[in-house]
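What follows draws every value from the coordinates through simple rules; no lab data is involved. Just so we're clear, the structure is a prediction, and the values are computed from it rather than from any experiment. Neighbour counts run over all protein chains shown; Cβ positions are idealised from the backbone, glycine included.
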């Protein structure tokens with residue numbers, strides 16, 4: 001039996017833009033909250049989304065919903081209402097619970113200190129429905145910071161989640177400075193800490209999952225080099241990382257990893 005032509009729809013929506021720049025979307029679209037959860041997978045400076053996105057964001061990027069977004073003076077805003085299903089198309093939309101998302105960011109004008117400076121607050125609230133296909137986060141809060149001065153940038157994330165139906169409350173912090181040595185060569189460092197109230201409350205990311213299991217406290221050190229052959233559309237990414245995870249006071253996982261990958265997008 002031949003494989004299907006595709007796994008699922010991603011960006012599949014109708015969009016309207018008003019004269020003042022407000023954009024309205026209806027259909028399959030991303031639900032952006034947390035630092036990496038709001039970053040397109042095509043534009044990550046790390047090889048995959050980090051451990052905050054894994055444990056507090058919804059790991060499925062695209063949901064059926066309605067959103068309104070735009071900017072006004074120094075403010076960026078987004079408000080959305082989405083179905084808590086992970087169906088590949090639209091046939092399961094709103095068969096389960098729903099969640100709402102509000103994001104508000106402010107771009108500071110501080111030319112003496114930074115070329116660009118943004119602080120953003122994200123809030124997600126989800127209906128408690130046992131049939132939800134998303135993770136059981138009742139509420140999630142995130143404070144995202146993006147700063148830039150010349151070739152040096154800093155991204156930060158402080159996120160919290162209240163769980164329901166067996167999902168532990170979780171919080172995490174990430175600090176990610178990166179430096180552009182040339183137009184094509186970039187160095188990235190990232191430190192991430194994630195903690196849950198209950199044992200087995202947090203999970204590792206894709207490449208460690210077969211080895212690690214779950215825990216209640218985790219930290220990761222990441223050092224990477226990116227070479228942009230054609231911007232984010234064609235790049236070579238290399239990284240080493242060290243991860244340790246505890247569960248109920250004992251060491252559940254500790255390991256080093258090296259990953260190299262060519263990423264192509266269009």
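Observations on the model:
- Least to most buried among 122, 11 (fewest other Cβ within 10 Å first): 11, 122
- Residue 14/residue 256 FRET efficiency (R0 51 Å; Cβ-Cβ; nearest 0.05): 0.65
- Shape class for segment 12-264: oblate, because the ratio a/c of the largest to smallest gyration tensor axis (alpha-carbon atoms, square roots of eigenvalues) is 1.5 or more and b/c is at least a/b.
- For the chain, built as a Gaussian network whose Cα springs stay under 10 Å, the top-fluctuating residue of 40, 103, 117: 40
- Neighbour-count ranking [beta-carbon atoms within 10 angstrom, fewest first] of 19, 208, 244: 19, 244, 208
- Highest-fluctuation residue, 170, 144, 66 considered, GNM on the chain with Cα pairs under 10 Å: 66
- Whole-percent pair-distance distribution, where bins are 5 Å wide, for the alpha carbons of segment 1-143: 2, 9, 16, 20, 21, 15, 9, 4, 2, 1, 0, 0, 0
- Taking packing as the residue-averaged number of other Cβ atoms within 10 angstrom, the listed peptides 147-160, 179-192, 248-261 run from highest to lowest as 147-160, 179-192, 248-261.
- With helices as the sole contributors, the chain gives -500 deg cm²/dmol at 222 nm; each DSSP H run of n ≥ 4 counts as -39500 (n - 2.57), and the sum is divided by every residue.
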